[in-house]
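Read through the structure below, which is laid out as structure tokens, and then see the notes.
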Amino acid sequence: MSQDTTGSPAPAAATSAGHDQAPHVEALENLLHEDRKFAPSQEFAANAVATAADYTEAAADRPAFWARQARELLTWDKDFTDALDWSNPPFAKWFVGGEINAAYNALDRHVENGLGDRVAIYFEGEPGDTRSYTYAQLTEEVKKAANAFEALGVAKGDRVAVYLPMIPEAVITILACARIGAVHSVVFGGFSADALRSRIDDAEAKLVVTADGTYRRGKPSPLKPAVDEALSKEGHTVENVVVVKRNGEAVNWVEGRDLWWDDTVEAASAEHTAVGHDSEHPLFILYTSGTTGKPKGILHTTGGYLTQGAYTHKAVFDLHPETDVYWCTADVGWITGHSYVAYAPLINGATQLMYEGTPDSPHQGRWWELIEKYKVSILYTAPTAIRTFMKWGREIPAKYDLSSIRVLGSVGEPINPEAWMWYREVIGGNGGAKENPAPIVDTWWQTETGAQMIAPLPGVTATKPGSAQVPLPGIAVDVVDDAGASVPNGEGGYLVIREPWPAMLRGIWGDPERFKDTYWSRFEAMYFAGDGAKKDEDGDVWLLGRVDDVMNVSGHRLSTTEIESALVSHPSVAEAAVVGAADETTGQAVVAFVILRGDAVNKGEETVLELRNHVGKEIGPIAKPKQLLIVPELPKTRSGKIVRRLLKDIAEGRESGDASTLADPSTMVQIAESLRK
Ligand code: WT7
């Protein structure tokens, strides 16, 4: 395989992969006829936050619509002059000249408005320990953390790497960074030491905030050792590591570098005045997989990101902050955990639940038990979780009272109509007990878009199983053909965004060229999302999955190229090709085809295990191939490009398709023979 990490082959990859995609799109097409539609109940519609007028207002003047949201939902230290500056595309500026502090908007202002006693976060640890923070308490914690980080020399614009489990300190750290204008870079706790190090290096982080560890399925699970390992090689920029004591396990300690959270943050003053930062001040970097080996540091800035997050959180979830209990199950290590755990719910003054563990610990009813206990009214989760619960059986949620649920959200991957219907009846309908089950909002968006882009508005839109349906007010989504022309209803193509939107990424950290190449060069003057999509007869949008070399495993984004690079970095591997194979539960699963070096000994299962673990070490356990096949050859075109379509056929257990374009048409026979052995 090519180990090109220059970061520019995206358009070519997208085009050729687009052809690869064709059979997949065809197969899905039969499924995309859906007659079921669920109109909002009168009762729901009567109290709905969103109204149809949002669409007309936004259509009449998009920037003015967003300017109104920005002023109504946020408190600015200095008002902005223009809603949008698009004079230098694709580099947008939203709410030009405005100054705002994200943490003040999420915290202090609610306390000033008399909401200090409202619960901001109910925390439930995996072992069952609980804590809650009112808005007043959370504000105090964030002020302390802000003081502590400043005392460690973290200044506005400096980068802070955050490697924490799902505990309140993660939100406190994120908001403390935002408060002082430091740029956080959260690294998912499931990523390896190597992955953490490369992210620390790319962003040149000055501080790392981590924990001794967390709990997984009843057992302590370490985090700090990965930080130690990441920093064991010289040449990094980290000055201090702040460590939250979470599971109490023994940790190694580097004197002068490592500091306990309790000794630094808890000991700091709770007096801290937030100042406004420029609307375009960098808020955070979040790394995500692209079509090349090197993860991209997606950059988000302040005013626009907060505006679209707050608006969508309110309108799409029909948030009534006085009465709702909101629960987004995403980890803060992903964009969903940024926008819809750390920022928007707090900006909107909501009460939310945060849960540390897995859904099956200590039993498969844990989520439903939590919903009953906290009277969760809005649940936001991923299709892969829903399909897992389906597999476990409806008798498990049936044991709990789910009558508090009013709105259900889905995110991360296409939700198949069966899973959608199950979610509606079993969870949203409290097992069939409800006359009007909770509306489901299937929300399409990306790390890059920063906030939801396509979703029905509950109380307004009649929902349809399997389709994310309509662009949100103020969002210009379209489906276009190869030449960039809008496709008519009933046809498929590529998902694009035609106009800038407030929460759009502002770039890739340190690489403006890659930003242009990846997103803005496939089609003239349009953002190319990397997804295939179709408009049905009603004009509703159906998402068909990625058309580039990006896989979606349990709603987590993984790059085929990145895993291939990890495999070829092993001394026994000569070449590797990775595909995402359809998987009933996780949507896609990683399947790797590996050619061993001439001098490497194939020890069968042992070699397979070693290579899988190697990927785990290089990237993280989530990237480990589910299946790893050692083969004598890989199918390649005459120009040397791996034909993944044919490997996908094998991985999905099909007879492999047309191999006539291969440089050596006998390759597929050789592979099939070697696998039979
Ligand atoms: C990719 C973005 C958005 C937060 C979680 C994932 C896929 C996301 C949906 C949906 C169909 C979806 C797309 C997209 N995706 N939501 N509702 N229906 N597909 O963020 O890791 O940046 O991944 O996830 O393929 O491009 P991400």
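Yes/no matrix, rows are residues, columns are (1) within 27 Å of the chain's Cα centre (by Cα); (2) farther than 23 Å from Lys144 by Cα; (3) at pLDDT 95 or above:
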{"site": "Thr81", "(1), (2), (3)": "no, yes, yes"}
{"site": "Trp86", "(1), (2), (3)": "yes, yes, yes"}
{"site": "Gly97", "(1), (2), (3)": "no, yes, yes"}
{"site": "Asn105", "(1), (2), (3)": "yes, no, yes"}
{"site": "Gly114", "(1), (2), (3)": "no, no, yes"}
{"site": "Asp117", "(1), (2), (3)": "no, no, yes"}
{"site": "Tyr122", "(1), (2), (3)": "yes, no, yes"}
{"site": "Gly125", "(1), (2), (3)": "yes, no, yes"}
{"site": "Gly128", "(1), (2), (3)": "yes, yes, yes"}
Within segment 319-375, the residues that are within 16 Å of the ligand (Cβ to nearest atom), open to solvent by 10 Å² or more (accessible area, probe 1.4 Å) and not aliphatic (A, V, I, L, M) are Thr329, Asp331, Trp334, Thr336
In the set Ala483, Ala525, the lone residue that is farther than 30 Å from Leu306 by Cβ, open to solvent by 20 Å² or more (accessible area, probe 1.4 Å) and out of contact with any Gly (no Cβ under 7 Å at 6 or more places or on another chain) is Ala483
Only listed residue being open to solvent by 40 Å² or more (accessible area, probe 1.4 Å), at pLDDT below 50 and of a type in the set (D, E, K, R), chosen from Glu26, Glu43:
Glu26
Counting only residues that are over 13 Å from Thr288 (Cα atoms) and of a type in the set (A, V, I, L, M, F, W, C), segment 182-200 contains a total of 4
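Among the residues of segment 254-294, which ones are part of a strand (DSSP E or B), more than 16 Å from the ligand (Cβ to nearest atom) and under 26 Å from the mean Cα position of the chain (by Cα)?
His277, Asp278, Pro282, Leu283
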Among (1) under 25 Å from Tyr287 (Cα atoms); (2) touching a Pro at 6+ places or on another chain (Cβ under 8 Å), Lys626 falls short only on (2)
I'd like the full set of residues that are open to solvent by less than 20 Å² (accessible area, probe 1.4 Å) and over 17 Å from Ile200 (Cα atoms), limited to segment 277-288.
His277, Ser279
Residue set Ala230, Ala267, Ala310; condition open to solvent by less than 10 Å² (accessible area, probe 1.4 Å) and out of contact with any Ser or Thr (no Cβ under 9 Å at 6 or more places or on another chain); output residue Ala310
Specify which of the listed residues (Val251, Val242) is more than 25 Å from Ile347 (Cα to Cα), touching a helix residue (DSSP H, G or I) at 6+ places or on another chain (Cβ under 6 Å) and assigned to a loop (DSSP other than H, G, I, E, B).
Val251
Residue satisfying condition, being more than 22 Å from Pro345 (Cβ to Cβ) and surrounded by 14 or more Cβ atoms within 10 Å (Cβ to Cβ), within set Ala102, Ala106, Ala67
Ala67
Here are Leu353, Leu306: which of them is in contact (Cβ under 8 Å) with a residue 40 or more places away in the chain and assigned to a strand (DSSP E or B)?
Leu353
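Listed here are the residues, each with its yes/no results for (1) within 15 Å of the ligand (Cβ to nearest atom); (2) of a type outside the set (D, E, K, R).
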residue	(1), (2)
Pro397	no, yes
Val411	yes, yes
Trp422	no, yes
Glu425	no, no
Gly429	no, yes
Val441	yes, yes
Gln446	yes, yes
Ala455	yes, yes
Leu472	yes, yes
All positions within segment 378-395 that are hydroxyl-bearing (Ser, Thr, Tyr) and within 16 Å of the ligand (Cβ to nearest atom):
Tyr380, Thr381, Thr384
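Could you look through segment 386-414, keep only residues that are of a type in the set (A, V, I, L, M) and touching a residue at least 60 places away in the same chain (Cβ under 8 Å), and pick out the one that is farthest from Ile454 (Cα to Cα)?
Val407
Every residue, every condition in (1) open to solvent by 10 Å² or more (accessible area, probe 1.4 Å); (2) in a helix (DSSP H, G or I), yes or no:
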position	(1), (2)
Lys156	yes, no
Glu169	yes, yes
Ala178	no, yes
Arg199	yes, yes
Pro220	yes, no
May I ask you to say which residue of Gly492, Gly532, Gly545, Gly507 is small (Gly, Ala, Ser) and over 20 Å from the mean Cα position of the chain (by Cα)?
Gly492
Determine whether Ala205 is at pLDDT 95 or above, buried (at least 24 other Cβ atoms within 10 Å of the Cβ) and in a loop (DSSP other than H, G, I, E, B).
yes
Close pairs (8 angstrom Cβ cut-off, 6 or more residues apart or separate chains): near the ligand (Cβ under 9 Å from one of its atoms) and charged (D, E, K, R) in segment 532-553, open to solvent by 20 Å² or more (accessible area, probe 1.4 Å) and assigned to a strand (DSSP E or B) anywhere:
Arg546/Asn552
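The values are calculated or read from the model by the stated rules, or taken from the named source; none is laboratory data. A quick note: this is a predicted structure, and the numbers were derived from the prediction, not measured. Backbone-built Cβ (ideal geometry, glycine too); neighbour counts: all protein chains shown. When the accessible area is computed, the model is the full protein with side chains, heavy atoms only, and any ligands, DNA or RNA have been set aside. Shrake-Rupley method; radii C 1.70, N 1.55, O 1.52, S 1.80 Å.
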